[in-house]
Amino acid sequence: MVTLFLATEKGFHVLHSLLQNQKVHVIYEVVIGTDRNVVNDYSKDIEQLCVAYNVKYCYNQLSEGIKTEYALAISWRKLIKSDSAKIIVLHDSILPKYRGFAPLVNQLVNGEKVIGVTALIASEQYDRGDIISQSTIPVEYPIKIHEAIQQISICYEKIVLEIFSTLTDTNHLLLRKQREEDATYSLWRDDEDYRINWHEKSEKIKRFIDAVGFPYKGAKAILDNKMVTIGNVELVDDVFIENRDIGKIIFMEKGCPTVVCGEGLLLVNEIKDEEGLDLLPLKKFRARFM
């Protein structure tokens, strides 16, 4: 049997898939994680599934340690301690690329053409363990982060079902080493990393805005000395600007501003204040986004 450490929408989809595929007998216990950095962490949804299928569950940590030979963690942000259990981690990248934090967001910001999931054995140094399985999907831009999460959840479901079937049949997983020479790293993000850098190319800024939107807190900017959230933008053909002053509004269409970027222009058609109130249509033309 396997102990599951599950959080976020991806954890919910995996549990739902396991239950739908009649793998409930392999689940020993579900540990449900909570995350204040997302609008909906799916903790209550995971709990409801556990209750519906009579699966034992608890929140955030086990009281008596892991009782099974294997544990599997999805979207888990806390340290899992175990002296005996083999801990399987699912990571949102095609390892050894994008080891570390926020790999899916950073892949989308960078415009990667293919994204994927890696199942690996946890190691002392993060994301360096032996690989069990990988699953990939192509990406077409523009794409919002919530759409990417839904698409990549299919990779999660596929990998976890394979792992559960293998453990049921043989109780043995085939592993392979990572190629250290191919490794790259992905840094963690905090509130400062949600700020838009208007000096970037408009294409990259749009990918960034799309990648940190719902279920995350959204891309931030300063407008009239107040923090605002930019929810949606569209690429606009660039024009020659004699005095290219980054962040200034150059055009206004039905109250929606077109902003000067380092290269290119962006039409902003969703702006909210810190209370979540819609600020469009803008009344002030002479304004700068910072």
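Tell me which of these Asn197 doesn't satisfy, since it passes every other one: (1) among the polar types (S, T, N, Q); (2) in the same structural domain as Ile121 (by TED's automatic domain parsing); (3) part of a loop (DSSP other than H, G, I, E, B).
It is condition (2) that Asn197 fails.
Okay, residues lined up against (1) of a type in the set (A, V, I, L, M); (2) within 27 Å of the chain's Cα centre (by Cα); (3) assigned by TED's automatic domain parsing to the domain that holds Ile94:
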site	(1), (2), (3)
His172	no, no, yes
Glu180	no, yes, yes
Gly213	no, yes, no
Lys217	no, yes, no
Met227	yes, yes, no
Asn232	no, yes, no
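Might you check whether a residue that is within 18 Å of Tyr98 (Cβ to Cβ), without any contact (Cβ under 8 Å) to a residue 60 or more places away in the chain and out of contact with any His (no Cβ under 7 Å at 6 or more places or on another chain) occurs anywhere in segment 155-167?
yes
Go through segment 67-91 residue by residue and tally those that are outside any strand (DSSP E or B), buried (at least 16 other Cβ atoms within 10 Å of the Cβ) and either at pLDDT 95 or above or touching an Asp or Glu at 6+ places or on another chain (Cβ under 9 Å) (or both).
Residues meeting the conditions: 3.
Take the residues in segment 161-181 that are in a helix (DSSP H, G or I) and out of contact with any Leu (no Cβ under 9 Å at 6 or more places or on another chain); name whichever of them is surrounded by the fewest Cβ atoms within 10 Å (Cβ to Cβ).
Initially, segment 161-181 is screened for residues in a helix (DSSP H, G or I), giving 161-169, 180-181.
Then keep just the ones that are out of contact with any Leu (no Cβ under 9 Å at 6 or more places or on another chain); that gives 162, 165, 168-169, 180-181.
Numbers: Glu162: 15, Ser165: 13, Thr168: 13, Asp169: 8, Glu180: 8, Glu181: 6.
Per the criteria, the residue is Glu181.
Right, Val38: closer than 30 Å to Phe214 by Cα, in contact with a Leu (Cβ under 8 Å, 6 or more places away or on another chain) and assigned by TED's automatic domain parsing to the domain that holds His172 or not?
no
Which of the residues belonging to segment 6-32 are touching a Ser or Thr at 6+ places or on another chain (Cβ under 7 Å) and either farther than 23 Å from Asp92 by Cβ or assigned to a loop (DSSP other than H, G, I, E, B) (or both)?
Result: Ala7, Val26, Tyr28, Glu29.
Is there any pair with a first residue in segment 98-119 that is farther than 24 Å from Leu161 by Cβ and a second that is basic (Lys, Arg) and not in a helix (DSSP H, G or I) whose Cβ atoms are under 6 Å apart and which are 6 or more apart or on different chains, and what are they?
Ala102/Arg189
Output the residue which, of all residues in segment 136-160 that are among the hydroxyl-bearing types (Ser, Thr, Tyr) and in a helix (DSSP H, G or I), is nearest to Met1 (Cα to Cα).
This residue is Tyr156.
The values are calculated or read from the model by the stated rules, or taken from the named source; none is laboratory data. Remember, predicted model here, so these are calculated numbers, not experimental data. FYI the Cβ positions are ideal-geometry reconstructions off the backbone, even for glycines, and counts take in every protein chain you see.
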